[in-house]
Each structure stands twice: as C-alpha cells, then as structure tokens.
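The values are calculated or read from the model by the stated rules, or taken from the named source; none is laboratory data. Small disclaimer: the values here were computed from a predicted structure and weren't measured. Note: ideal-geometry Cβ built from the backbone for every residue, glycine included; neighbour counts use all protein chains shown. Heavy atoms of the whole protein, side chains included, go into the accessibility calculation; ligands, DNA and RNA do not. Shrake-Rupley method; radii C 1.70, N 1.55, O 1.52, S 1.80 Å.
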Amino acid sequence: MQHLSQAEWTAILLSLRVGIVATLVATPIGIALAWLLARREFWGKSLIDAVIHLPLVLPPVVTGYLLLLTFGRRGLVGEWLADHLGIVFAFRWTGAALACGIMSFPLLVRPIRLSIEAVDRRFEQAAATLGAPPWRVFWTVTLPLALPGVLAGMVLGFAKAIGEFGATITFVSNIPGETQTISAAIYTLTQVPDGDAAALRLVVISIVIAMAALVASEVFVRRATRRLHGT
Amino acid sequence: MLEVEVRKQLGEFALDVSFRSEGRVTGLFGASGAGKTSLVNIIAGLLKPDHGLIVVDGQVLDDTQAGRHTPAHRRRIGYVFQDARLFPHLDVKQNLDYGRCMNRLSFDPAAQDRVVALLDIGHLLDRRTGQLSGGERQRVALGRALLARPRLLLFDEPLGALDADRKAEILPYLVRLRDETGVPMIYVSHDADELRRLATDVVVLERGRVARAGSPDLLVERPPASPEL
C-alpha cells in the first residue's frame, strides 16, 4: 500500500480529534441523562427520551440543517455564543464535533442507561446504611458498577461519531483541514476521476479504526466486568 | 433505648407494630412473611412508615405527625443483610473502610485492628469479595457495619443463607460482638435457638403485629407459629 498523502493524514487526524472530543464532552452529559432516565420518575421523561433518540430516526441532513439554523453564525444560539463567549461552531472543526456528538448521543446513552438499570439497588441501600448520601452512593457504587456499560457506550458513540457524514457536511461543509473528516474526504475522492486509490486507502484506515475501537471496548468491558464479579 | 410505633401498608400486607426495648440484643422473631424485614427496613430508614414514630436514644428519627424523616445515611444505624451485600468492585479492606470514609471519621488503626481481630478476618484483607466463602462474607459484612461506628446494629437473618456448619462458625462471633462491643442490636430470625443464644429481649411478630414480647424464655414455653404461614 502506498504512503498516505498529507491531505489524507490531515483528514484522519481531524476525524480522531472530532470523535474523541465529541465522545469526551458527550459522556458526562450522557451519564447524567442515563441516570435520570434509569432511576427517576418525573414529568416529561418520555419527551426527553424521545428527543435523545431523535437523531437516530431523523434524516442526518435534517439534523445538520437544524444545527445550522440553531448554531450557525446567524442562528439563535450561535450568534449569542459568538458575540458573548467567542465560541463559533459554523464551518469549524468544533461544529463537526458538535454534530458528531449529537448524532452519536443516542448510541452512547443507551448502554449506560441499561447498565445503570442493571445495578442492584441493594448495594445502593447498603451504602446508604453505611452513611453515604445519594450523590456519593452514585460516585462510589452506582457508577463503578455501571462502568462496563459506560465504556461500551463511549466506544459505540466514538465509532458512530467518527463515521458521521450527513449532519456534519450539512452543518459545517467539507473544508480540507478544518471540517473534512475521513468520511467527507472519501466522498470528495469518489467525485474526482483518479481518486480511487486514495479513497481506498482511507476506507482501509476507517475499517482499522473501527475494528480497533471494537477490540478495545471488548477488552475494557471484559476487564471491568471481571472486577464487578469480585474476583 | 429504642422506641418503635409504626404502621405501614405494603400491598395487601399491613404492618402495625409497637414496642420498646432497652435490651442489648432485641430479637425479632416470627415466621417468614410476618413483616420482620419490612420492620427493620423502616428502622434503618430505607422504608418510610405511613404513620408512626421511631426514637433511638432519645433522638426522633421518624415522626410522621411532625413530618420528620431522617434519611438512612444520616441515621448511623448499621445493617447486616442476609445476603452480605459486600461491594463487588472493592476488596475486603476497602469494604471495611467504606463506612468510615462516608461518615468522614478519622482513621483509627486501633479500632480497625480490634474489629479485625474480633471477627478473625485479618487474613482476608487483600482478597476480592468473590473469593470469600459465605461465612467469611458475613464476617466481613459485620466488620464493615461495625467500623462505621453505628449507634444501633440491625441484623436481618444474617445466618439465614448459611448451612448448619457455617452457622455454628459465625454464632460465636456474634456472641463476642454482643459481649465486647457496646452497640445495641436488633436481631431478626425465625430460628428460636439462635435467639435464645443471642437475644436479651424478644419481640414475636405474627402477620405484621406484635404477638408477644419479653425475655427469650418465652420462645421455649410456646413453640413458634408454624413456618408455612
């Protein structure tokens, strides 16, 4: 296989950065929402659940367009963020991370929610009788026991984020070096006459990244699960 | 001093219990389904009574008329469950230390050594909980509850899941616990022999109500209600 060109490297590194940032920012929010959905009854719970899952069922281009309307330079939130905090999403890699984070969010939340639901509440009761207030029960018992699900959710979310295409290209376009991820680069290469070899190289790279993520998650989850069985 | 006067509706089952106890070890005796576990869960603060009052050493923990309910984590009431409930992600030493950390107590190596020696668990400290036998798990659970320095210890059939040999292994530790620590205890069991060895007072529950109360001798005079109830 030929060596990767500078442009291809740029797309690969950008994809990794976008995927990692999207996952790291989405994880704490995902854990909080997963806990709420798993352990609390409140008004509007099914609405929140539906909104989280919306990116899974909407056409990605719709999600991307909604993001553009909301977080674009003239968008409701985007304008305020740019004027007051100097944060710009439109046509930046941060916008790509936002789009990928939202698109991958349902896949990240689901395993975390399931694993929190599976945590035996009798351990949480035992912790309470030992003097742990609810938030410390969460940090010292619930979250560690749900860790395999958290890791699985993170890997799934990362894999989805790194492969996201439709919402990203609609929201932040396809700018080499700024918003051109692997998927966008492959798309561009398939549109030019002699792009096949380069496109194939990137295809192989994305397969390798996806496989590595799956293997890593398998190892982490197995290790964390073994810990939970107390052996 | 413990004062309990509670009512709680649990589906079809109605719990309506009132007793006082000044004993070192109060035995709660009754067939399964008599409401023993619900009652200790209410005392621990894991379950809220519909009506009533719970007072430990003059401190009101539950008073439904005054709208008062102290949550479990502020009661300082230790609880040894039938199924031990050791935290599987922590080793034995971390399990033992959990209550001290949560109550922000300073580390007291002498207290820890005393409890470890009392329960004979020194050789288990570095083990993971999955590597313990049933009897060892229960001893560690005892130590964990004790080291949180509770003012009252609840035992919900701690020997219920063990076979006769394991029971015989643990009982002497419970006797030592009673004699060597000053912590008052409530001990739930459906085994009259166990209570005769351990309890200083006995409360007999039948179908959610107190049937009799007094010294452990009353378990000899009248045989217990048949367990098929």
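For A:LYS160, go through the lysines and keep the ones whose alpha-carbon is under 26 Å away, minus same-chain ones fewer than eight residues off.
Within the straight-line limit of under 26 Å, A:LYS160 reaches these lysines: A:LYS45.
Taking Cα centroids, how far is region B:94-121 from region A:123-152 in Å?
20
What are the residues whose amide H is under 5 Å from the amide H of B:GLU206, where those residues sit 5 or more places off or on another chain and H is modelled from the backbone?
B:ALA211
If you plug each phi of region A:36-49 into the Karplus form 6.51 cos²θ - 1.76 cosθ + 1.60 with θ = phi - 60°, what whole-Hz ³J(HN,Hα) values come out, in order, with x for Gly and Pro?
My calculation for region A:36-49 gives 4, 5, 7, 10, 10, 10, 8, 5, x, 4, 5, 5, 4, 4 Hz in order.
Tell me the accessible surface of B:SER18 in square angstrom (1.4 angstrom probe, heavy atoms of protein chains only), to the nearest ten.
About 70 Å², ignoring ligands and nucleic acids.
Leaving ligands, DNA and RNA out of it, rank A:LEU4, A:LEU14, A:LEU66 by accessible area with a 1.4 Å probe, largest first.
Values: A:LEU4 40, A:LEU14 5, A:LEU66 85 Å².
Listed by decreasing accessible area, they come as A:LEU66, A:LEU4, A:LEU14.
Which value in nm describes the separation of the simple spin-label points at B:GLN9 and A:VAL192, placed 7 Å from the Cα toward the beta carbon?
Taking the two extended label points, one gets 7.6 nm.
What does the convex hull of the alpha-carbon atoms of region A:100-231 project to on average, in nm²?
Answer in nm², one decimal: 10.0.
What is the set of long-range amide H partners of B:VAL80 at a cut-off below 5 Å, with H atoms built 1.01 Å from backbone N?
Amide H neighbours of B:VAL80: B:LEU154, B:PHE155, B:ASP156.
So what are the ³J(HN,Hα) numbers for region A:75-81, from phi and the Karplus equation (6.51, -1.76, 1.60; θ = phi - 60°), rounded to whole Hz, Gly and Pro as x?
My calculation for region A:75-81 gives x, 3, 8, x, 5, 5, 4 Hz in order.
Once the convex hull of the C-alpha atoms of region B:117-229 is built, how many Å³ does it hold per residue, rounded to a whole number?
Convex hull volume per residue, Cα atoms: 128 Å³.
Where does region B:1-118 land on Rg(C-alpha)/(2.2 N^0.38 Å)?
Working: Rg = 16.5 Å, N = 118, 2.2 N^0.38 = 13.5 Å.
Here the Cα radius of gyration is 1.22 times the empirical estimate.
Using a 1.4 angstrom probe on the protein heavy atoms only, could you order B:LEU105, B:LEU124, A:LEU54 from most to least accessible area?
Heavy-atom accessible area, descending, gives A:LEU54, B:LEU105, B:LEU124.
Taking R0 as 56 Å, what's the FRET efficiency between B:ARG207 and A:VAL215 from their Cβ-Cβ distance, rounded to 0.05?
Once the sixth-power term is evaluated, E becomes 0.45.
How big is the Kirkwood radius of region A:6-228, worked out from every pair of different alpha carbons and given in Å to one decimal?
Hydrodynamic radius (Kirkwood, Cα pairs) of region A:6-228 is 18.8 Å.
With unit charges on the beta carbon (Lys/Arg positive, Asp/Glu negative), name the residue among B:PHE155, B:PRO216, B:GLY143 whose Cα is farthest towards the positive pole of the charge dipole of region B:2-221.
After comparing all options, I get B:GLY143.
If the only charges are +1 at each Lys and Arg Cβ and -1 at each Asp and Glu Cβ, what is the size of the charge dipole of the protein assembly as shown around the Cα centre, to the nearest 20 debye?
540
Counting only C-alpha contacts under 8 Å and six or more residues apart, can you give the relative contact order of region A:6-228 as a whole percent?
30
With θ set to phi - 60°, apply the Karplus curve 6.51 cos²θ - 1.76 cosθ + 1.60 along region A:52-59 and write out the HN-Hα couplings as whole Hz, x wherever there is a Gly or Pro.
Once rounded to whole Hz, the list reads 4, 7, 3, x, 6, 10, 6, x.
So for A:ILE48, A:ILE186, what's the accessible-area order with a 1.4 Å probe, most first?
Values: A:ILE48 60, A:ILE186 35 Å².
Largest to smallest exposure gives the sequence A:ILE48, A:ILE186.
With a Förster radius of 22 Å, plug the Cβ-Cβ distance of B:ARG176 and B:ARG104 into 1/(1 + (r/R0)^6) and report the FRET value to the nearest 0.05.
The value I calculate is 0.20.
Mind listing which trypsin sites (Lys or Arg not before Pro) in region A:61-140 are in a DSSP loop and have 14 or fewer other Cβ atoms within 10 Å? Provide the component values of the computation, followed by the final result.
Numbers: sites: A:ARG73, A:ARG74, A:ARG92, A:ARG113, A:ARG121, A:ARG122, A:ARG136; in loops: A:ARG73, A:ARG74, A:ARG92.
Answer by residue number: A:ARG73, A:ARG74.
Please quote Rg/Rh for the protein assembly as shown to two decimal places, taking the Kirkwood radius as Rh and restricting both calculations to Cα atoms.
Computed over Cα atoms, the ratio is 1.14.
Cross-link partners among aspartates and glutamates for B:LYS48, C-alpha distance below 19 Å, same-chain residues fewer than 8 apart left out?
Within the straight-line limit of under 19 Å, B:LYS48 reaches these aspartates and glutamates: A:GLU41, A:GLU124, B:GLU3, B:GLU5, B:GLU12, B:ASP16, B:ASP62, B:ASP63, B:ASP156.
With label points built 7 Å along Cα→Cβ from the Cα atoms of A:VAL61 and A:LEU114, find their separation and express it in nm.
Result: 3.2 nm between the two label points.
Given an 8 Å cut-off on Cα distances and at least 6 residues of separation, report the relative contact order of region B:112-229 as a percent.
Contact order relative to length: 20 percent.
Using only the Cα atoms of region B:2-221, what do you get for the radius of gyration and for Dmax, in Å?
Considering region B:2-221 through its Cα atoms, Rg and Dmax are 17.1, 49 Å.
With every protein chain present, what accessible area does B:THR181 have (1.4 Å probe, heavy atoms only), rounded to the nearest 10 Å²?
30
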